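Notes follow once the structure below has been shown.
The values are calculated or read from the model by the stated rules, or taken from the named source; none is laboratory data. Being a predicted model, the structure only gives us computed values, none of them experimental. We place every Cβ from the backbone using ideal geometry, glycine too, and count neighbours over all the protein chains shown.
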Amino acid sequence: MSTNLSPAFVQLFEAEVHQAYQGAAVLRGAARTRTGVVGDTVKFPKVGKGSASVRTPSTDVVPINGEFSQVSISLTDFVAAEYSDVFNQAKVNFDERQELAQLVGNAIGRREDQIIIDALNAASAGSTVAKTVVTTGSATASNLNVGKIIAAKKALDAKNVPATDRHFVIHANNLAGLLGDERAISSDFQTLQALVGGQINQMMGFTFHIVGDRDEGGLPLATADRTCFAFHRSAIGVAVGIAPKTEINYIPEKTSFLITAMLSMGAGAIDVDGIVDVICEE
């Protein structure tokens with residue numbers, strides 16, 4: 001058989017990989033992103049705070065002397081690859097192509113999420129919501145509930161974090177806990193009834209992102225305590241050197257096509273005031 005792939009086939013395959021990648025990368029767009037980075041590091045500017053002063057006639061203007069600093073983020077290279085043996089099939093047919101697209105695309109998408117999660121976890125969060133925070137009643141160790149979401153919102157509000165572009169990344173187990181809180185699902189408290197679709201996409205200004213158990217690590221879990229993160233988009237910087245791309249090459253020594261998806265990316269905390277650790281007991 002021929003070992004050459006037509007440009008049309010390659011283009012179709014890359015489109016399928018990109019679709020799978022977008023579906024797996026649930027945190028894409030949730031952080032401040034710089035693309036087209038050249039080199040292995042990039043610096044994000046961090047602007048400090050300042051206060052306006054009283055203007056006194058015929059005197060020099062007093063500068064606010066705001067602090068300016070930079071946060072350096074290093075990029076790491078990642079690949080997700082798989083072989084398709086020519087002896088297994090006469091050619092890479094439609095079904096196998098879709099399966100391989102899902103395999104490598106999902107792997108790269110999950111890796112992008114993990115880079116952001118690791119940056120959130122590595123940061124010294126500006127605030128922490130204890131696992132004992134509850135919606136009503138006495139404080140006790142509990143899963144995610146409306147009380148914890150209110151506490152996270154309060155923490156960001158107290159730090160004057162903008163009310164827009166706020167995100168909340170939680171585990172599937174935490175979503176299950178939240179769906180058990182009447183205030184999260186009842187039409188008496190929510191205009192959107194979460195039990196209809198089993199999802200909560202928006203609440204109290206947060207956009208929710210759900211991740212499950214992942215080989216890459218996922219959200220931190222210590223015994224039964226899961227750390228979720230409420231954060232503002234500008235609190236995390238993402239640098240992308242090579243956006244997700246795909247190559248298909250024939251390897252004669254293996255009589256196989258090698259399908260490779262690749263990514264070069266890094267992330268780091270820009271402003272810890274915009275990050276809240278939310279501890280949930282699962």
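Among the residues of region 183-191, is any at pLDDT 95 or above and among the β-branched types (Val, Ile, Thr)?
Scanning region 183-191 turns up no residue that is at pLDDT 95 or above and among the β-branched types (Val, Ile, Thr).
Please indicate, with yes or no, whether at least one residue in region 210-229 is basic (Lys, Arg), more than 21 Å from ILE73 (Cα to Cα) and not in a strand (DSSP E or B).
Taking every residue of region 210-229 in turn, at least one turns out to be basic (Lys, Arg), more than 21 Å from ILE73 (Cα to Cα) and not in a strand (DSSP E or B).
Given ILE279, ILE248, ILE259, ILE210, which one is hydrophobic (A, V, I, L, M, F, W, C), in contact (Cβ under 8 Å) with a residue 12 or more places away in the chain, touching a helix residue (DSSP H, G or I) at 6+ places or on another chain (Cβ under 9 Å) and within 16 Å of ALA30 (Cβ to Cβ)?
ILE210
If I filter region 243-262 for residues that are touching a Pro at 6+ places or on another chain (Cβ under 9 Å) and surrounded by fewer than 24 Cβ atoms within 10 Å (Cβ to Cβ), do I get at least one hit? If you could, list the steps in order and put the result at the bottom.
Step one: filter region 243-262 for residues touching a Pro at 6+ places or on another chain (Cβ under 9 Å), giving 261-262.
Filter again for surrounded by fewer than 24 Cβ atoms within 10 Å (Cβ to Cβ), leaving 262.
Within region 243-262, one or more residues are touching a Pro at 6+ places or on another chain (Cβ under 9 Å) and surrounded by fewer than 24 Cβ atoms within 10 Å (Cβ to Cβ).
Among all residue pairs at least 6 apart or on different chains, which show Cβ distances below 8 Å where the first residue, located in region 218-235, is surrounded by 24 or more Cβ atoms within 10 Å (Cβ to Cβ) and the second is in a loop (DSSP other than H, G, I, E, B) and acidic (Asp, Glu)?
HIS232/ASP165; HIS232/ASP271; ALA235/ASP271
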